[in-house]
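Below is one structure, written out as structure tokens; the observations come after it.
The values are calculated or read from the model by the stated rules, or taken from the named source; none is laboratory data. Quantities reported herein were computed from a predicted structural model and do not represent experimental measurements. Here Cβ is always computed from backbone atoms with ideal geometry, including for glycine, and neighbour counts include all displayed protein chains.
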Amino acid sequence: MTLADTTAIKFGQGQIGIYYLADTDQPAPFALFLHGFPGSEKNHDLAYHLRAKGWHVLVLHFMGAWGSAGDYNPLNHPAEVRATLDYILSKHAPRPVDPSRIVVLGYSLGSRAALMAAAEDIRIQAVILAAGICDFSDLMLPDELFTSAAQFLTVSDSETLKRLYLRLGEGMQPTEALVKIAPRPVLLIHGTNDEIVPFFHLDGFGMFAGDNVQKVAIPGADHLFALHRAELIQAVSRFLEQHV
């Protein structure tokens, strides 16, 4: 393995991740990327960009998704985030990480895991949400999405997947977790034309957002930021330069 490299790793209870290793053998800043539902978009272009700036970036595959062992259960995702950090900071990790510069980026459904984990884990110094969901009780997904997603996840059937998703609307919501993170810096990025998580979810964080929260709206961007990747990468890079 060369210093700057991309490698697949397996750790913990069989989780898989794609690790972008910066060109250094010294402790480097670390970003953990959390995919959405089912997770076809993993923001690998952003991972390459951050690695070029000296960051180690791990794109995690949640359990039961995209080759990771176990059953898929979004209720367990925050615990999976914390277990991943345990590994990254252990002697078994491929490269040393700077424990004072750890960031979690949650995309779409991954936004919940990022916020919930950070609310409980002070090792996370900053949080970035792309197309984040402010309240799961206010976002219903179409049945065909559960049917399609079930093909790529280790779950018994689409109805089970739907029931798991509906349970995310119970208990603490992302807006409440956002309050617990303060004063650590948070970046919220959302496209104005998001067809999956409506743009009002960005404003939904508003009354819960303190001075530590920065919001960026990208005009015309859809849920994937498909034609606005440069703007997404620029917003993330600027935030990290300013706050981490």
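Okay, here's what the table says:
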{"read-out": "Residue satisfying all of: in the range 55-92; free of Cβ contacts under 8 Å to residues at least 24 places away in the same chain and in a loop (DSSP other than H, G, I, E, B); surrounded by the fewest Cβ atoms within 10 Å (Cβ to Cβ) among these", "value": "91"}
{"read-out": "Residues within the range 209-221 that are buried (at least 17 other Cβ atoms within 10 Å of the Cβ) and farther than 14 Å from residue 131 by Cβ, tallied", "value": "3"}
{"read-out": "Close pairs (8 angstrom Cβ cut-off, 6 or more residues apart or separate chains): at pLDDT 95 or above in the range 106-129, of a type in the set (S, T, N, Q) anywhere", "value": "107/43; 125/100; 129/111"}
{"read-out": "Scope the range 125-171; condition part of a loop (DSSP other than H, G, I, E, B) and either touching a strand residue (DSSP E or B) at 6+ places or on another chain (Cβ under 7 Å) or loosely packed, with under 13 Cβ neighbours inside 10 Å (or both); matching residues", "value": "125, 131, 132, 140, 142, 156, 157, 170, 171"}
{"read-out": "Scope the range 43-54; condition assigned to a loop (DSSP other than H, G, I, E, B), touching a residue at least 60 places away in the same chain (Cβ under 8 Å) and surrounded by fewer than 22 Cβ atoms within 10 Å (Cβ to Cβ); matching residues", "value": "53"}
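Condition check ((1) of a type outside the set (Asp, Glu); (2) on the phi > 0 side of the Ramachandran plot) across all residues:
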| site | (1), (2) |
| --- | --- |
| 7 | yes, no |
| 11 | yes, no |
| 14 | yes, yes |
| 20 | yes, no |
| 56 | yes, no |
| 74 | yes, no |
| 88 | yes, no |
| 98 | no, no |
| 113 | yes, no |
